[in-house]
Amino acid sequence: MKNPKFFTVAEADRLIGSLETTLERIKRNKQQFLWLQKEMVILELIVECGASDNNPDSIELSAKTKKFKGIARDIEQDIATIEETGCVLRDVDKGIVDFFSIQDGIVVFLCWKKGEDSIKHWHSIRDGFAGRQPLHRSPTAR
């Protein structure tokens with residue numbers, strides 16, 4: 001990230017609703033993506049055994065491949081949308097998002113996890129999720 005965006009807690013809090021929605025959509029799409037991937041493996045085996053282009057399995061594989069690619073694009077677009085806000089998407093599956101912030105003159109990450117109703121934690125830029133601290137504990141009070 002060239003020029004990170006720095007957030008106040010209030011600015012980060014305002015993004016939570018859209019982050020929840022986008023992460024839930026990514027989760028649903030990822031489940032469908034994985035399900036289609038499994039189905040396509042089976043269909044590919046059938047088609048590779050010499051099925052013609054107008055065979056029902058070949059037609060179904062073609063349709064599923066098209067849908068698969070569309071879902072992959074949707075997931076990539078949703079991830080890009082999150083990142084364009086200036087957030088740092090750490091874990092799609094767990095819904096962990098960091099926001100650059102300056103607290104007490106120190107660059108830190110405000111840390112949010114899907115399901116939390118507001119920003120309640122921060123961590124140093126080196127510590128990651130495992131180093132989360134409650135917001136009321138100042139970064140300089142370590």
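Restricting attention to the range 87-105, report how many residues are in contact with a strand residue (DSSP E or B) (Cβ under 8 Å, 6 or more places away or on another chain) and either of a type outside the set (Gly, Ala, Ser) or closer than 14 Å to Asp13 by Cβ (or both).
Qualifying residue count, the range 87-105: 13.
So Lys67 clears everything in (1) touching a Leu at 6+ places or on another chain (Cβ under 8 Å); (2) outside the structural domain of Ile26 (by TED's automatic domain parsing) except one condition, right? Which one?
Only one criterion in (1) touching a Leu at 6+ places or on another chain (Cβ under 8 Å); (2) outside the structural domain of Ile26 (by TED's automatic domain parsing) is unmet by Lys67, namely (2).
Quick grid of which residues meet (1) over 20 Å from the mean Cα position of the chain (by Cα); (2) among the hydrophobic types (A, V, I, L, M, F, W, C):
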site: Ser52; (1), (2): yes, no
site: Ile59; (1), (2): yes, yes
site: Lys64; (1), (2): yes, no
site: Asp74; (1), (2): no, no
site: Ser118; (1), (2): no, no
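The values are calculated or read from the model by the stated rules, or taken from the named source; none is laboratory data. Bear in mind that the values here come from a model prediction, so they are computed numbers and not experimental data. Here the Cβ is made from the backbone with ideal geometry for all residues, glycine too, and neighbour counts use every protein chain on show.
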